[in-house]
Amino acid sequence: MDDLSALIPQPDQMQAALAELAECNALTAGWGLSLSPVQMRMLAECRRSALRDTGRVEFGGGVLKQLVRAFCASPYLDQENYADTLAQLQALFYHFKQESHDRIPDDELIAAMAQCFDGRAQGALDALAGLTPEELCVPDREARWEPAP
Amino acid sequence: MSGGLPERAFSPEEAAALRQKLWPLLARQAGLYTGCGSSSLPEDTARELLCSLCYTLKVWFQAGGAASQPLADADLEAGLRQGQAILEQKCRQARRLWMAVRHSAPDLKNRALADTLDSIGAFFQRYDLRFFAHCIPCDIDYPLCRAVPEALPGVDYILAYLDRLGMEHALLRPFAPSRVRRLLAAGCPDPVGLLVNLCEPVLANAVGLTLLGEDPRELEITPQRRTRLCEYFEPLPPHRARAALRDGAARLCAGLGLPTPAADYFMDTAQALHPRIEAALPNRLNGVFLSLAP
């Protein structure tokens, strides 16, 4: 009864994630971005893997909708790379949550990720991934970006 | 996992119904814990929140919560609130018990005992019955005659520990502190600094003297008395030796005016001396029944 893994309602969580993603297409239509049903399922599965990989448990549908809201206006996002970029951003989000020991609220972390992605990382996910949570949250104007050797 | 829901077997339907209700309750707890700032938690933290939840619901169940309704209809949110109210009550009870135990402590110095009592005092500030009700945020180093089961969670552990410590203090009080100090010094190089139980050597000698028909308050087991105890125990088969120890403890406690729960505790403790007595008989019971240090 008190086994955590037995409690997690996996089908319900999947449905919740898919429902949230379905709402996202309405948000992103203006930027020419949309997700197909296959891509939505892929993202929901990636969410499960990312949570597993970072040893986290999530309640509700996840943060994909918030990520979409924060990144849909990015000049570095287009229809071709949209789904894959979202998947990687989602994984990075959980990575940063774990690395920061949950000290950064979701909203702030996503905002910081979006600012860095569009700013000093110039759309490069590798550059974003190379930052520590502390570096991520330094305001862009103070950041001194140096490309990796 | 300690603090789990009651051990009574749930039917598959009951288990499914409970499982379905636990997840949203856990989600709500997680939201309260993070201040709604995070949609996810580390698994370890979620597991701790779940443990706390289950322990609190168990407290509610044990107090008769949900007794009159099918489990599938049980309002677990209400149960959680009521369980937390019961835990608050237990905390107040534990605090009163702690103060009583502190004031009843015998005039014997022991660093571990003093530190443990101080640490339990800090427990009442640190204990988080909302999210970590199963935890025991303090250091309890002083060993009792009979340890509290480690599986006992949260404030229940503290209550059980203090209850037993109070009984041990009650046993020690009738004995002259100077005699007790000499007895402890006989059995241990540093009874103040070492992690030793103060009560057990006193109980052993007092039971031994009771079995010999002597005044237990003397606490002194001379070599002659030790010889008599050897003659007493040597012919006894194990079950009769254990019964004799229990009987000696019962008579001791009756003579000291200790109530039944304490008598039961010390009867169990005295009985547990038997393996040491059996092992020490070839050595004339040295190390079990002690002569007072000068």
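Under the classification rounded if a/c is under 1.5, otherwise prolate if a/b is larger than b/c and oblate if not, where does the protein assembly as shown fall, given a ≥ b ≥ c as square roots of the Cα gyration tensor eigenvalues?
It comes out prolate by the Cα gyration axes.
Residues whose amide H falls under 5 Å from that of residue B:142, counting only those 5 or more places apart or on a different chain, are B:116, with hydrogens built in the peptide plane.
Averaged over peptide B:105-118, the number of partner chain Cβ atoms lying within 10 Å of each residue's Cβ comes to 0.
In terms of its C-alpha gyration tensor, region A:4-136 comes out oblate, because a/c is 1.5 or above while a/b does not outweigh b/c. Shielding value for B:23-32 is 3, the average number of Cβ atoms from other chains within 10 Å of each residue's Cβ. Take B:114-123, B:263-272 and order them by the average number of nearby Cβ atoms within 10 Å per residue, most first; the result is B:263-272, B:114-123. Backbone phi angles across region A:51-58, fed through the Karplus curve with coefficients 6.51, -1.76 and 1.60 (θ = phi - 60°), yield HN-Hα couplings of 5, 5, 5, 9, x, 10, 10, 10 Hz in residue order; Gly and Pro are listed as x.
Estimated at the nearest 10 Å², the accessible area of residue A:65 is 40 Å² with a 1.4 Å probe. What chain B shows is 46 Å² of accessible area per residue, with the surface traced by a 1.4 Å probe over protein heavy atoms. In sequence order, region B:223-240 has phi-based couplings of x, 5, 5, 5, 4, 5, 5, 4, 5, 6, 8, 3, x, 7, x, x, 5, 7 Hz under the Karplus curve 6.51 cos²θ - 1.76 cosθ + 1.60, θ = phi - 60°, and Gly or Pro positions carry x. Counting only protein chain heavy atoms and rolling a 1.4 Å probe, the accessible areas of A:76, B:142 rank, largest first, as A:76, B:142. Accessible area per residue (1.4 Å probe, heavy atoms of protein chains only) ranks A:82, B:33 as B:33, A:82, with the largest value leading.
With R₀ set to 45 Å, the beta-carbon distance separating residue B:81 from residue B:139 gives a calculated FRET efficiency near 0.90.
Averaged over peptide A:52-64, the number of partner chain Cβ atoms lying within 10 Å of each residue's Cβ comes to 5.
Lys and Arg at +1, Asp and Glu at -1: add these up for the other residues within a Cβ distance under 14 Å of residue B:184 and post the number. Walk me through the intermediate numbers first.
Values: positive: B:109, B:111, B:179, B:181, B:182; negative: B:107, B:168, B:190, B:200, B:220.
Local net charge: 0.
The largest accessible area among A:96, B:61 belongs to the first residue in B:61, A:96, and the rest follow in falling order (1.4 Å probe, all chains). Counting Lys and Arg as +1 and Asp and Glu as -1 over every other residue whose Cβ lies under 11 Å from the Cβ of residue B:148, the net charge comes to -1.
Put simply, the amide H of residue A:56, placed in the peptide plane, has neighbours under 5 Å in B:43, leaving out anything fewer than 5 places away on its chain. Taking the accessible area of region A:4-136, probe 1.4 Å, and keeping the other protein chains in place, the carbon and sulfur fraction comes to 51%.
Local charge for residue B:120 was computed over the other residues whose Cβ lies under 12 Å away, with Lys and Arg +1 and Asp and Glu -1, and equals -1.
The values are calculated or read from the model by the stated rules, or taken from the named source; none is laboratory data. Here the structure is a predicted model, which is why all the values come from computation and not from measurement. A quick note on method: Cβ atoms are made from the backbone with ideal geometry, for glycine too, and the neighbour counts reach across all protein chains shown. The accessibility values were calculated without ligands, DNA or RNA, using every heavy atom of the protein model including side chains. Shrake-Rupley method; radii C 1.70, N 1.55, O 1.52, S 1.80 Å.
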